[in-house]
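Sharing a structure, written as structure tokens. Questions coming.
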Amino acid sequence: MLIVACVATLGLASCTGVSYLNNTVQTDVVLSQNNYRILDKVEGTSESTYVLGFGGCSEKSLKDNAVNDMFQKANLKDGQAIANITYTTSVKTILGIYTEMTVTAHGNIIEFTR
């Protein structure tokens, strides 16, 4: 009976979902002069699934894939770039067995005016 109570308590205690956000700012375009205008916002997403901690991609690979998705969606033209890139990471887990990690890259499409 004690074993059943311990297993039930452990099972109920691990039924919660966990989610957190992690933002990092990174940019390769220096915007120190008033020679650009912001055209639009763009984002790209990448996700991975883990079972018992195995499978899926590393967080760095997820970020790289999210940025690649963002650049594909941006469809940049000459004189345009993406600036102010940030990342949002969401982790959801069920019973500590199944985990889903989603990384979304956000950025601003800018166009240089001179």
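Read-outs: derived from the displayed coordinates by stated rules, not from any lab. What you see is a predicted model; the values in this text were computed from it and never measured. All Cβ positions, glycine included, derive from the backbone under ideal geometry; neighbour counts span all protein chains shown.
Once you list every other residue whose beta carbon is under 15 Å from the beta carbon of GLY79, what net charge do they have if Lys and Arg are +1 and Asp and Glu are -1?
Summing Lys/Arg as +1 and Asp/Glu as -1 gives 0.
Turning to a different aspect of this structure: Normalised by the empirical 2.2 N^0.38 Å for globular proteins, what value does the Cα Rg of the range 17-112 take?
With N residues counted in the range 17-112, Rg over 2.2 N^0.38 Å equals 1.26.
List the aspartates and glutamates whose alpha-carbon lies under 13 Å from that of LYS63, not counting same-chain residues fewer than 8 positions away?
Filter leaves GLU43, GLU47.
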